[in-house]
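Taken together, the values in this text are just the output of simple stated rules run on the coordinates, not laboratory data. Everything quoted here is computed from the prediction, not taken from an experiment. Methodologically, a virtual Cβ is constructed for each residue, glycine included, from the backbone with ideal geometry; neighbour enumeration extends over all protein chains shown.
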Amino acid sequence: MCGRARCTLRADDIPRACHRNDGPIRHVNMDRYRPSYNVGPGMNFPVVRRDDGSNTDGAGIVLHCMKWGLIPSFTKKSDKPDFFKMFNARSESVCEKASFRRLLPKSRCLVAVEGYGTKDGSVLVVVQVILPEELTLSSFVSLFPNFLLVFISILFNKEAVTLVRFYEWKKDVSKKQPYYIHFKDGRPLVFAALYDSWENSEGEKLHTFTILTTSASSTFQWLHDRMPVILGDKGSTDAWLNGSKTDMLLKPYENPDLVWYPVTPAIGKLSFEGPECVKE
């Protein structure tokens, strides 16, 4: 799973990280973007999506700053948005669940981060859940049959790609140890994501996204049983944004260029910010 990330990229670098080097790029709400070493659900995050505007013939790209944590468009206008309920989506069930299935044709996006974090939620057959401060028990149970918290730096789109490095926590018997996960050569990670828009009772429109997850690769099974869907090259980001079939895209990233190291447990608090988040 992925629930935290690092995204300190410059706005201009995000489309390039998603292999969007040609064609016009339109910015939406990017004045809300604040680079951060510790991004979590409910915070503003840039995603890359296709431009559905009539003046671009579908060839343009939008760099759109959205809230992380999907709020479906059919949510009651009077409801208070819960960004922790759907900040991740299991790729195995996105074609079945109404919240996600309707977004697959035209609401894909990319999230670019420099790294993300996670922790292991399993110790042999012993299961122990320790909830972060921001997550209620009911939201946690509905989201994850296994527990995990991930930090990610991201870029998004309806069918979106996210570029990040992220954090993962390793659960030992007596403590939680977060790990920072990133590419060995320092290039951003790009995640597959879905986005939606919702209007509240005051007429304010809110754009939100969720990051897709899949089963962990053979390299990361020791750490956790889930990981973000990583789109590792231009071919896969093109296929995701263009609406191709998901069978070959939503799978574990098995290449050997992902690396990790332990970082401070203080990243569990959203108020903790700065380069200390990624200090080994």
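With 31 Å as the limit on Cα-Cα distance, the pairs of 80/245; 80/106; 80/251; 85/251; 76/175; 80/269 that go past it are 80/245; 80/251; 76/175. Among the GluC sites (Glu not before Pro) found in the stretch 195-240, those both in a DSSP coil and sparsely packed, with 12 or fewer other Cβ atoms within 10 Å of their Cβ, are 202, 204.
For residue 180, nonlocal amide neighbours, meaning residues 5 or more places apart or on other chains whose placed amide H falls under 5 Å from its own, are 168, 261, 263. Phi-derived couplings, Karplus 6.51 cos²θ - 1.76 cosθ + 1.60 at θ = phi - 60°, listed residue by residue for the stretch 261-271: 7, x, 10, 5, x, 4, 5, x, 9, 5, 6 Hz, with x used for Gly and Pro.
Evaluated with a Cβ-only charge set (Lys, Arg +1; Asp, Glu -1), the stretch 192-280 carries a dipole of roughly 200 debye about its Cα centre, given to the nearest 20.
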